[in-house]
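S.K.: The following block contains the structure, expressed as structure tokens.
The values are calculated or read from the model by the stated rules, or taken from the named source; none is laboratory data. Being a predicted model, the structure only gives us computed values, none of them experimental. Here the Cβ positions follow ideal geometry from the backbone for every residue, glycine too, while neighbour counts run over all protein chains shown.
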There are 2 protein chains.
Amino acid sequence: MKPVTIADVALHAKVSKSTVSQFLNKRYDYMGEKTKQRIEQAIKDLGYQPNYVARSLKQKSTKTIGVIVANILHNFSTEVSRAIEDACNEHGFHLIVCNADDNPEKEKKYMEMLRAKQVDGIIIFPTGGNKELYQKMLDEKYPVVFVDREVQGIPVSSIMLENKKAARLAVEHFIERGYKRIGIMTTSIIRNLSPRVERIEGYKEAMNDNGLPVQKEYMKSLDLEQIQDGMKSMLSLKEPPEAVVAGNDLALIEILKYVKQNRLKIPEDLAVIGIDDVSFASFYTPSITTVAQPTFEMGKKAADVLLTKISKKQGKDNLPDYRFEPQLMVRDSVGYRNG
Amino acid sequence: MKPVTIADVALHAKVSKSTVSQFLNKRYDYMGEKTKQRIEQAIKDLGYQPNYVARSLKQKSTKTIGVIVANILHNFSTEVSRAIEDACNEHGFHLIVCNADDNPEKEKKYMEMLRAKQVDGIIIFPTGGNKELYQKMLDEKYPVVFVDREVQGIPVSSIMLENKKAARLAVEHFIERGYKRIGIMTTSIIRNLSPRVERIEGYKEAMNDNGLPVQKEYMKSLDLEQIQDGMKSMLSLKEPPEAVVAGNDLALIEILKYVKQNRLKIPEDLAVIGIDDVSFASFYTPSITTVAQPTFEMGKKAADVLLTKISKKQGKDNLPDYRFEPQLMVRDSVGYRNG
DNA sequence: CTGAAAGCGCTTACAG
DNA sequence: CTGAAAGCGCTTACAG
């Protein structure tokens, strides 16, 4: 069962390989009507299917882009990836999605794999742990776009949320509802990931602007496994917070687990707002107030920026960063406090 | 910034391309030590990176497999895909995951795309709507494995859950807890997808075996958008069910939404068991009793079977179907009824 | 309007 | 122990 090639089609249709190739690429300009028909028939008869690998080798373009997400467990990653896929499909590009699992080693392996596979460009949710490689790609003028995070000292244009504003939206919603003792719990910031740092910064600014004290004990950044313990110690303070901002979806889930295990009531015992929408927000009991990212727009923008870079074969990364507006989704996990 | 090729390395190291290729493929058998070192140095100096596209063309193997899931929104799809990826990585294979979105047209497009890209084999969660194409791949002895579903008349080995048993587990758990009026709500069965049909069959058998009547009004199969209406009419019966089995995760979510909107209490007003585990099962209020699929094992098996087919280049699909055991995860969405 | 020839970057018998 | 040559399946100037 040898695969049929363009040569077989040519033979069958009694034309040359070149002509078949022209036909396949829809360059009909000067092609005779019956030539066309003969080729079409031959393709059908033989069940010919083109071999993209051969084409890619010759054209030096695979019409494929790579996406490396830092951690596929974030709802954000999945949604943005889907938006990227939609946008790419429209332009005839395919996608290979890889999960770095928050591990710079894996990220590196995937970057190398994708380049070896000759993808035309890469969209990275960077772990931040491969600066040399990011820089190398820049030096080689290889098309790259960052999503979610920026990396200090690597001038690649990045598609990000207005993270400060996201935290501010949460804090100010609490304040409007009469809350004053407001905490924030994020996942670990050891690698100084920009969204986490910025969200904490936004929290501080919003507290300050509203005349509320910024207390260390109310701000924790921990590995996922430690968040429940962290909640415990935060809520064991003499003056525990009455409300808490979850830095992302996974942090939110840990908080919800803690709340359930300790039979606390939301929002009576603890009000909660999560940054990042979660699948169950609307039908959880109580439904969860969140600050949503415009994942669809962000994914589309990432694809557009990358495709632009690819088509321009452009060298210097002179494209700006893009910041997107968070949106408060008011639900029932925040009550009313009369201060 | 021309990419550096094997020819450049050869020149730089003052050996032939063949020798460089031998080196890259670790066929050191007869290679002189200094030759090796010179090549190694040249690769470093030039920053050479191999081009898999060229290699694939020559070797007629891309070391890549395709996965087409019927609908990525099912938790099951995501988990199985990850398990497949892990298993493939161990064998040096890469993955391209596509989402058919329950649409046979898309599925077809992806099958063709993947084949054009010369993937070495495909794992399909079949929509069931492309029998001719499935059959064609079989005829061509192209390596394919099905997951989740089987397709009537297409003898491809398939990795599936013991669906009947899954439904039975749910029904019998209800019965043990004293429930008698038990319904089942699944997503649409217009295309006769095997898991849904089998789960309904298992429900009927379990009801029968336990001397309970099988009533049409207690069994509904609807499009997602209609499930809430379906619940409404089921619960408006003179003798409404006190317990309901959700045919899969998405059906479960619709039921939970309905329950919330109508301020029903689980399990007092309605007990619920979902087939398929969901991310929030353990920390939902109440936590949700589910029948979980062993997604990790299933994904691993799918990968193993496919990789076996690939390595054997084997023609006839003489491999059997594989059925996996569902597992009841007892939580709090089922109460105790004293009949 | 169509065909012959070169070449994309590799690998692989085979010769020496 | 290493190199010259052919070939994987395409595309693309170029010639006619």
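Condition check ((1) touching a residue at least 60 places away in the same chain (Cβ under 8 Å); (2) buried (at least 21 other Cβ atoms within 10 Å of the Cβ); (3) at the interface with chain A (Cβ under 10 Å from one of its Cβ atoms)) across all residues:
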residue: B:252; (1), (2), (3): no, yes, no
residue: B:256; (1), (2), (3): no, yes, yes
residue: B:260; (1), (2), (3): no, no, yes
residue: B:266; (1), (2), (3): yes, yes, yes
residue: B:278; (1), (2), (3): yes, yes, yes
residue: B:282; (1), (2), (3): no, no, yes
residue: B:285; (1), (2), (3): no, no, yes
residue: B:291; (1), (2), (3): yes, yes, no
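S.K.: Quick one: in the stretch B:80-89, of everything that is within 11 Å of chain A (Cβ to nearest Cβ) and not polar (S, T, N, Q), which residue is farthest from residue B:251 (Cα to Cα)? Before you say what the answer is, go through the steps one by one.
M.R.: Filtering the stretch B:80-89 for residues within 11 Å of chain A (Cβ to nearest Cβ) gives B:81-82, B:85-86, B:89.
Now narrow it down to the ones that are not polar (S, T, N, Q): B:82, B:85-86.
Details: B:82: 23, B:85: 27, B:86: 29 Å.
The residue in question is B:86.
S.K.: Output yes when any residue across the stretch A:225-245 is within 12 Å of chain B (Cβ to nearest Cβ) and either under 20 Å from residue B:284 (Cα atoms) or in contact (Cβ under 8 Å) with a residue 24 or more places away in the chain (or both), and no when none is. Talk me through it step by step, then tell me what you get.
M.R.: Taking the stretch A:225-245 as the starting set, the residues that turn out to be within 12 Å of chain B (Cβ to nearest Cβ) are A:228.
Filter again for either under 20 Å from residue B:284 (Cα atoms) or in contact (Cβ under 8 Å) with a residue 24 or more places away in the chain (or both), leaving A:228.
Within the stretch A:225-245 (the criterion being within 12 Å of chain B (Cβ to nearest Cβ) and either under 20 Å from residue B:284 (Cα atoms) or in contact (Cβ under 8 Å) with a residue 24 or more places away in the chain (or both)), the answer is yes, since at least one residue qualifies.
S.K.: Turning to a different aspect of this structure: Only residues that are buried (at least 20 other Cβ atoms within 10 Å of the Cβ), free of Cβ contacts under 8 Å to residues at least 60 places away in the same chain and either of a type outside the set (D, E, K, R) or closer than 19 Å to residue A:153 by Cβ (or both): list them for the stretch A:109-121, please.
M.R.: A:110, A:111, A:114, A:119
S.K.: Of the numbered conditions (1) more than 10 Å from chain A (Cβ to nearest Cβ); (2) outside any strand (DSSP E or B); (3) under 13 Å from the mean Cα position of the chain (by Cα), residue B:68 fails exactly one; give the number of that condition.
M.R.: (2)
S.K.: Residues in the stretch A:7-20 that are within 8 Å of DNA strand C (Cβ to nearest atom), among the charged types (D, E, K, R) and within 11 Å of residue A:48 (Cβ to Cβ): how many?
M.R.: 0
S.K.: Which one of these is at pLDDT below 95 and within 14 Å of chain A (Cβ to nearest Cβ): B:92, B:128, B:153?
M.R.: The unique qualifying residue is B:92.
S.K.: Mind checking whether some residue in the stretch A:78-88 is more than 16 Å from DNA strand D (Cβ to nearest atom), surrounded by fewer than 16 Cβ atoms within 10 Å (Cβ to Cβ) and at pLDDT 90 or above?
M.R.: Within the stretch A:78-88 (the criterion being more than 16 Å from DNA strand D (Cβ to nearest atom), surrounded by fewer than 16 Cβ atoms within 10 Å (Cβ to Cβ) and at pLDDT 90 or above), the answer is yes, since at least one residue qualifies.
Yes/no matrix, rows are residues, columns are (1) buried (at least 20 other Cβ atoms within 10 Å of the Cβ); (2) closer than 30 Å to residue A:261 by Cβ:
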residue	(1), (2)
A:158	yes, no
A:208	no, no
A:220	yes, yes
A:223	no, yes
A:236	no, yes
A:241	yes, yes
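S.K.: Sticking with this one: For the structure I just gave you, tell me whether residue B:22 is assigned to a helix (DSSP H, G or I) and either within 8 Å of DNA strand D (Cβ to nearest atom) or within 14 Å of chain A (Cβ to nearest Cβ) (or both).
M.R.: Taking the combined requirement at face value, the residue satisfies it.
S.K.: Provide a single number: the residues in the stretch A:21-61 that are surrounded by 17 or more Cβ atoms within 10 Å (Cβ to Cβ), near DNA strand C (Cβ under 8 Å from one of its atoms), of a type in the set (A, V, I, L, M, F, W, C) and over 38 Å from the mean Cα position of the chain (by Cα).
M.R.: So the count comes out to 0.
S.K.: Looking at the stretch A:225-234 only, could you name the residues that are of a type in the set (A, V, I, L, M) and either surrounded by fewer than 23 Cβ atoms within 10 Å (Cβ to Cβ) or modelled with pLDDT under 95 (or both)?
M.R.: Here is the first cut: in the stretch A:225-234, the residues of a type in the set (A, V, I, L, M) are A:227, A:231, A:234.
Result: A:234, single match.
S.K.: Follow-up question, since we're still on this one. In the stretch B:25-46, how many residues are assigned to a loop (DSSP other than H, G, I, E, B) and more than 8 Å from DNA strand D (Cβ to nearest atom)?
M.R.: Residues of the stretch B:25-46 that are assigned to a loop (DSSP other than H, G, I, E, B), as a first pass: B:25-32.
Filter once more, keeping what is more than 8 Å from DNA strand D (Cβ to nearest atom): B:25-28.
Residues meeting the conditions: 4.
S.K.: Would you mind telling me which numbered condition in (1) part of a helix (DSSP H, G or I); (2) modelled with pLDDT of 90 or more residue A:49 fails?
M.R.: (1)
S.K.: Could I ask something else about it? I need every pair where a residue in the stretch B:1-19 that is assigned to a helix (DSSP H, G or I) has its Cβ under 6 Å from the Cβ of a residue that is more than 10 Å from DNA strand D (Cβ to nearest atom) and hydroxyl-bearing (Ser, Thr, Tyr), sequence separation at least 6 or different chains.
M.R.: B:9/B:48
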